[in-house]
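Trainee: Take this structure first; my questions come after.
Just so it is clear, none of the values below were taken in a lab; they were calculated from the coordinates. As the structure is a prediction and not an experimental result, all values here were calculated from the model. Ideal geometry is used to build each Cβ from the backbone, glycine not excepted, and the neighbour counts take in all protein chains shown.
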Amino acid sequence: MSHKTSVDTQFLDQESVKKTIEELGGTYIEAKEVNLFEGRQECDYAVQLRGWRYPVAIKDGVATFDNYEGRWGSQESFNEFRQKYAENVTLKQAQTGGFRVLSRNLT
């Protein structure tokens, strides 16, 4: 029985992924394959979220992971990673466009 999940969020900015995982206390993994429960998963790179048994594999911007409905890693920590990544990409794009971000209000 498969436990793998794929997420539609596009993790296309590798620099922002690295920054995000560092901020959350996880590990960035430079690999072409990682081990998930059912075996090897091809990836461009991966991240190891804190408290997760298996890494999150990212291939062509799509995240694939095996958290066995929260038993091997909390969905909340992945959601936090996804939200923080979106924030970091937005800030980076704003700064690249010449804008200054004076405050943030995340709900």
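Trainee: What would the Debye formula give as log10 I(q)/I(0) at q = 0.13, 0.17, 0.29, 0.31 Å⁻¹ for the alpha-carbon point model of the range 55-101, no solvent?
Mentor: So the normalised log intensities work out to -0.42, -0.61, -1.05, -1.10.
Trainee: Show me 83-90, 26-33 ranked by packing, highest mean number of other Cβ atoms within 10 Å first.
Mentor: Result, highest mean Cβ count within 10 Å first: 83-90, 26-33.
Trainee: Based only on Cα atoms, what Rg/Rh ratio does the range 9-48 have, Rh being taken as Kirkwood's radius?
Mentor: Over the Cα atoms of the range 9-48, Rg/Rh equals 0.99.
Trainee: Also, quick follow-up: If you take the alpha carbon radius of gyration of the chain and divide it by 2.2 N^0.38 Å, what ratio comes out, to two decimals?
Mentor: 1.11
Trainee: Then there's this: Just want the answer: with Cβ charges of +1 for Lys and Arg and -1 for Asp and Glu, which residue in Val56, Thr96, Asn67 is farthest toward the dipole's positive end in the chain?
Mentor: So the residue furthest toward the plus end is Thr96.
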